[in-house]
Every structure is written in C-alpha cells, then in structure tokens.
Amino acid sequence: LRKSGDVVLADLGDAEKLEDRARRALEDVRSSIRVGGGLTKGAPPTPTKTGAAKPVKKPRGRSAFQHGLRSLEDLYAGLWVPLEPALGSADKILLSPDGLVNLVPFAALRDGQGRSLVERYQLAYLAGGKELAGVEGAPPRPGSDLLLVANPAFDKKVPASAGEDGARRSRDFRTGFSPLPGTEREGKEIPALVGANNGEMTQVLVGKSATEGAVKAVSSPRVLHLATHGFFLSDAAVALDQGTEKASSKRGRSGKKRTAAVWYENPLVRSGLALAGANYAAKTTEGDDGLLTALEITGMDLSGTELVVLPACETGVGKVQNGEGVFALRRAFTLAGANNLLMSLWSTGDEVTARQLNAFYRKVQTLPPAEALRQAQLESIRELKAKYGVPPPGLWAPFILQGAHAFGR
C-alpha cells in the first residue's frame, strides 16, 4: 500500500516453502549469538512442520555463523526481492506480517552485496491496517512520565486483589519462570535516559512490588518499560468434554455416534507477561495470578502512552512455533492505545544489546522511534564489525518496533 493509496500485490510463492526459509533463518540468527561455538547454550532445536521438535545437526563455530548469513540472504531472495519493484524509492517501510514471519527481524535480511535492510530502510511493524487510519485531534496527555517494571519476584506469593477473577489465563498454562536479576540495572539507568524525574511522575516496581495489579492500575504513562518474561503458548485444539487435544467420539444410550465439540482458546489468553507471583499462577483460583495476559492488556488505559518497551520478552522455557502468540501480544498493546511498542524477539544477555537499548532511549528523545532504533542498530553493527569483521545478527537485531506513528506524526 503506497502513500498515494494505490495497492500493489506481489506473489511470494508457496507459503510453506517461505515459512521453511523463515524457520531456518531464525534458527541461524539465534545461533550467531555465540559466534565462536555453534549453537547458543539452551538454544531450542529446529521446529518441524507439525510443531514437534527434533535435534538437527548444524555447522559449528565460524562455519555456523557463515551458514546463518547465507540463510538470511536466502530469505531475502524469497521474501524481499519480489517486493522491490513495488517499493520503488521508498525508504520507510511498514510491515504487517503473518504467521511465522511475525518472528522475522526484517532489519537483518541481507542482499547479495552483504548489506542488511536496516542499512537501506527505516522499518516498523503494524498489528493491522486499521492502525494507518490514525486518530483525529491532539494525542491524549500522558498521566505520568514513566512506569518501569524489573525482575519481578516470580516465586513470591502475592495477596489476592479484591474483585478480580484469577481464571483469565489459558486452561493448560503450566509454565514456570526464572529470575531476571540483570534487569534491575534498567531500573537505575533508564529514568535518566527518558528524561523522567524522580518524583511522583516516575514509578519503578522491582521484586515483589512488580505485581499484575500495580501494572493494570497504571494510567497512560508516557513510557511503559516492562523488563520481564513473556509467554506464548502454541495454538491447541481442546475437546469440550475431556480436555484432550483431539475430538473424542462416543456412543450415547441410543447407540448413535456422538462427537465432542472442539474449540480453540482465545489467543489473547495464551500469551502475555509474567509478573510477581507468576510461578503460583496454576494454583491461583481468585484474584490476580501474576500473569498479565494479552486479553487483560487490552483493558488497560494506555491512550497517552508514547512508548511501550519489552526488552526481555521471550520466555526462557519454550519456543514460539508460529508467531501468532507474539502477534497477539503486540496487538493487545495497540488495542490498549499505546502509540509505539519496542519488543525483543529473543534474549541475548549480551552487553551489546544493553548498550543498544540505552542508545535507543537517548536517541528517541529527539528522533522518531523508527529512526532512533535504526541509528542504535547501526551503532551496534559498527561495533560488532570492528570486533568480528561481520556483525552477528543475533546480537544486534533482536528488537523490532511497532507503531503507525513510528516514523513521526
């Protein structure tokens, strides 16, 4: 869709083959986090088409890194080259992907000359085309400067909140979360980076104070920074009578065959963020359960929020198989009213990523968010080129930015 309103369609070929390319590229990008030794510790195996996982032999060391770069070039050829005639001279691109492609860091796609897309374009994502319609009139004023949540106490029981229903999570939620002590550093550094004062307009919630109730009670902070795990459950069919993954057939008293109805849970309860007490969620029957689901996020008031940041969003427990859970979480913040969302598609635990996040916060004070992220990524690329010759995309490309106003108003 061009700025003029003209629509051009481009055929990307067989969807299954394209997703296979995307799947390989994502695995190789993650393996590049550890340039010197094959796959990263704890990196998940390649998912199969059915969602199961099996060990896959991969190149190791520097050969693994070079293999990853080739898969990004292969995905570029299959996903981006067909679009180039329609893009023309545009240098600002809004993307609204589908399925597994929701997980693709487009900035890291490489052309035949070894250039990444971030070197040519400003890129941002949309949850849907309706975002382009915009909102008439001046944007609402933020209610505060900053709400920052870091290192929630997942293993601490949190008192139940009156009047809340604790059953808004998925019925098959069984995930546990490990601490994130490194995120407390963000609570000390970021208030100054965003120009927030230390008075009543800034709130930092750490440990057992980082509760679901405290986050849901906030009203339109200018910046909402949530340094915690995300969870994304795969899309599963549920039979109404037995709770099995397949519909069951039985015979009633009349002898006629009866088939249990099958339904799919609302994806908005199958993804979200973990907060204090989240490791007791499965045992919580009333009050807040420590899980801020995407459905609950849609009910928050973020109409005056300029920026939401999820810097450590991928859970360390499982791997997103199809990208729809990530999409549901992204869409939830849009429905809540947030203008822009910066989200990490994977966690690196690397100092490069921490510096890139700090650089983004400094630059976004004077630049549109998309350009601020691009400049921060280019800084990381230059730093990594000096160290490795070729920058590992797993270290510089974990962040994506969503927002119809990412290029400025």
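The values are calculated or read from the model by the stated rules, or taken from the named source; none is laboratory data. If you're wondering where the values come from, they're calculated on a predicted model, not measured in any experiment. Cβ: placed from backbone, ideal geometry, glycine included. Neighbour counts: every protein chain shown. All accessible areas refer to the heavy atoms of the entire protein, side chains included, with ligands and DNA or RNA removed. Shrake-Rupley method; radii C 1.70, N 1.55, O 1.52, S 1.80 Å.
This table checks each residue for (1) modelled with pLDDT under 90; (2) of a type in the set (A, V, I, L, M).
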residue: V8; (1), (2): no, yes
residue: K17; (1), (2): no, no
residue: V29; (1), (2): yes, yes
residue: P44; (1), (2): yes, no
residue: G51; (1), (2): yes, no
residue: A64; (1), (2): yes, yes
residue: L79; (1), (2): no, yes
residue: A86; (1), (2): no, yes
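If you filter region 110-125 down to residues that are part of a loop (DSSP other than H, G, I, E, B) and open to solvent by less than 20 Å² (accessible area, probe 1.4 Å), you find that the one that is farthest from R70 (Cα to Cα) is Y121. Contact map, region 375-393: residues that are under 20 Å from L75 (Cα atoms) and without any contact (Cβ under 8 Å) to a residue 40 or more places away in the chain paired with residues that are part of a helix (DSSP H, G or I) and of a type in the set (A, V, I, L, M, F, W, C), Cβ distance under 8 Å, separation 6+ or inter-chain. Pairs shown: P391/I381; P391/L384.
Taken over region 347-393, the criterion of being open to solvent by less than 40 Å² (accessible area, probe 1.4 Å) and of a type in the set (G, A, S) is satisfied by A354, A359, A370, A372, A376, S380.
Flag not set for A160, criterion: modelled with pLDDT of 80 or more and either surrounded by 15 or more Cβ atoms within 10 Å (Cβ to Cβ) or of a type in the set (F, W, Y) (or both). Considering region 290-313, and only residues there that are assigned to a loop (DSSP other than H, G, I, E, B) and open to solvent by less than 10 Å² (accessible area, probe 1.4 Å), the residue that is farthest from L233 (Cα to Cα) turns out to be G304.
Can you tell me which residue is modelled with the highest pLDDT among those in region 274-302 that are among the aliphatic types (A, V, I, L, M) and within 12 Å of A328 (Cα to Cα)? Looking at residues that are among the aliphatic types (A, V, I, L, M) and within 12 Å of A328 (Cα to Cα), I get I297.
L224 meets the conditions (1) closer than 19 Å to L357 by Cβ; (2) out of contact with any Gly (no Cβ under 8 Å at 6 or more places or on another chain); (3) modelled with pLDDT under 95; (4) aliphatic (A, V, I, L, M) in every case but one. The failed one is (3). Which one is farthest from L329 (Cα to Cα) among residues in region 78-87 that are in contact (Cβ under 8 Å) with a residue 24 or more places away in the chain and surrounded by fewer than 15 Cβ atoms within 10 Å (Cβ to Cβ)? Restricting to residues being in contact (Cβ under 8 Å) with a residue 24 or more places away in the chain and surrounded by fewer than 15 Cβ atoms within 10 Å (Cβ to Cβ), the top hit is P85.
Taken over region 64-93, residues that are farther than 18 Å from A25 by Cα, hydrophobic (A, V, I, L, M, F, W, C) and part of a helix (DSSP H, G or I) amount to 3.
Matching residues to (1) out of contact with any Leu (no Cβ under 6 Å at 6 or more places or on another chain); (2) under 30 Å from E296 (Cα atoms); (3) in a loop (DSSP other than H, G, I, E, B):
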site: A328; (1), (2), (3): no, yes, no
site: W346; (1), (2), (3): yes, yes, yes
site: T366; (1), (2), (3): yes, no, yes
site: L373; (1), (2), (3): no, yes, no
site: Q377; (1), (2), (3): yes, no, no
site: V390; (1), (2), (3): yes, no, yes
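Within region 359-372, residues that are closer than 10 Å to A406 by Cα reach partners that are surrounded by fewer than 17 Cβ atoms within 10 Å (Cβ to Cβ) and not aromatic (F, W, Y) with beta carbons closer than 6 Å, at six or more positions or on different chains, in the pairs P368/G408. S344 meets each of the listed conditions (1) at pLDDT 90 or above; (2) surrounded by fewer than 23 Cβ atoms within 10 Å (Cβ to Cβ); (3) on the phi > 0 side of the Ramachandran plot apart from (3).
Note on region 136-150: among residues that are surrounded by 13 or more Cβ atoms within 10 Å (Cβ to Cβ) and more than 18 Å from the chain's Cα centre (by Cα), the one that is modelled with the lowest pLDDT is P139. Can you find a residue that is of a type in the set (S, T, Y), open to solvent by 30 Å² or more (accessible area, probe 1.4 Å) and assigned to a loop (DSSP other than H, G, I, E, B) anywhere in region 94-109? Looking through region 94-109, at least one residue is of a type in the set (S, T, Y), open to solvent by 30 Å² or more (accessible area, probe 1.4 Å) and assigned to a loop (DSSP other than H, G, I, E, B). None of K216, K246, K257 is open to solvent by 40 Å² or more (accessible area, probe 1.4 Å) and at pLDDT 70 or above except K216.
Inspection of region 203-213 identifies at least one residue that is within 28 Å of A282 (Cα to Cα), part of a helix (DSSP H, G or I) and either open to solvent by 20 Å² or more (accessible area, probe 1.4 Å) or at pLDDT 90 or above (or both).
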